[in-house]
Amino acid sequence: MNLCQKGRNPKSTNTQHSSSSVAVSISVVVVIVSLHLLAFVLAIGAERRRSTAKVVPDQYDEYDYCVYASDASTAYGLSAFGLLLISQTVVNGVTKCLCFGKGLVRSRMRSVAVFFFVLSWISFLGAEACLLAGSAKNAYHTKYRGIYGGNELSCETLRKGVFAGGAALTLISMAASIVYYVVHLKADTGGWERHENGLSMTSLENPELGGVGRFEKL
């Protein structure tokens, strides 16, 4: 015969946990989407505001030199870099980077979670590389002067498409991160544990986690 120690109502407890989980998941998704979209907008702004340069002679026509436009793209690119880094930190902090915690249920959901986890990291690293390299290159200014009338002076500038590539990878990272997080929630075993005699909730076995008490067999 099974006896249950006196405790709180299981239905109300489950409802509270369910509502809390939904609220947390929605909040995390909103944060992920917001940070990625802001990073995307800044990356597009960086692409449109890339620094340009032109060769002009000095007032005595003895030398020519490079005159560069605004460095706004550098600030935009670095800001996008930081926002994307924060978003990736949030995702992997909540999911424990897929390496820690109690693990995932062995099923197709686990394989999907692993796939999008890898995809999110690949797209994240690619986007960060584009944003950082583009910002550094955009901030670089040729300092040499050339003799007027001699060989043509080359004014180095960031080539077109680097920040745009970072923006595209940012969108891919956002989609992959959201799918990974949602699938991870479904495959997570944090609230459930498998036993030899069936499936039971961890919270039922540990009152400190908000359960109803401990089941004992007599």
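Could you tell me whether Arg106 is open to solvent by 80 Å² or more (accessible area, probe 1.4 Å), closer than 15 Å to Val183 by Cα and either among the charged types (D, E, K, R) or modelled with pLDDT of 85 or more (or both)?
When the stated conditions are applied, Arg106 passes them.
Scanning segment 22-37 for any residue that is farther than 19 Å from Thr170 by Cα, touching a helix residue (DSSP H, G or I) at 6+ places or on another chain (Cβ under 6 Å) and modelled with pLDDT under 80 turns up nothing.
Scanning segment 143-181 for residues that are part of a loop (DSSP other than H, G, I, E, B) and either of a type in the set (D, E, K, R) or at pLDDT 90 or above (or both) turns up Lys143, Arg145, Glu152, Glu156, Arg159, Lys160, Gly161.
Being over 30 Å from Ser70 (Cα atoms) and at pLDDT 80 or above is the requirement here; does Thr89 meet it?
yes
Of all residues in segment 166-182, those being more than 12 Å from Ile32 (Cα to Cα) and open to solvent by less than 20 Å² (accessible area, probe 1.4 Å) number 2. Restricting Ala69, Ala53, Ala75 to residues that are surrounded by 12 or more Cβ atoms within 10 Å (Cβ to Cβ) and at pLDDT 90 or above narrows the list to Ala75.
The values are calculated or read from the model by the stated rules, or taken from the named source; none is laboratory data. Model, not experiment: these values are computed from the prediction. Note: ideal-geometry Cβ built from the backbone for every residue, glycine included; neighbour counts use all protein chains shown. Accessible surface areas use protein heavy atoms only, side chains included; no ligands, DNA or RNA. Shrake-Rupley method; radii C 1.70, N 1.55, O 1.52, S 1.80 Å.
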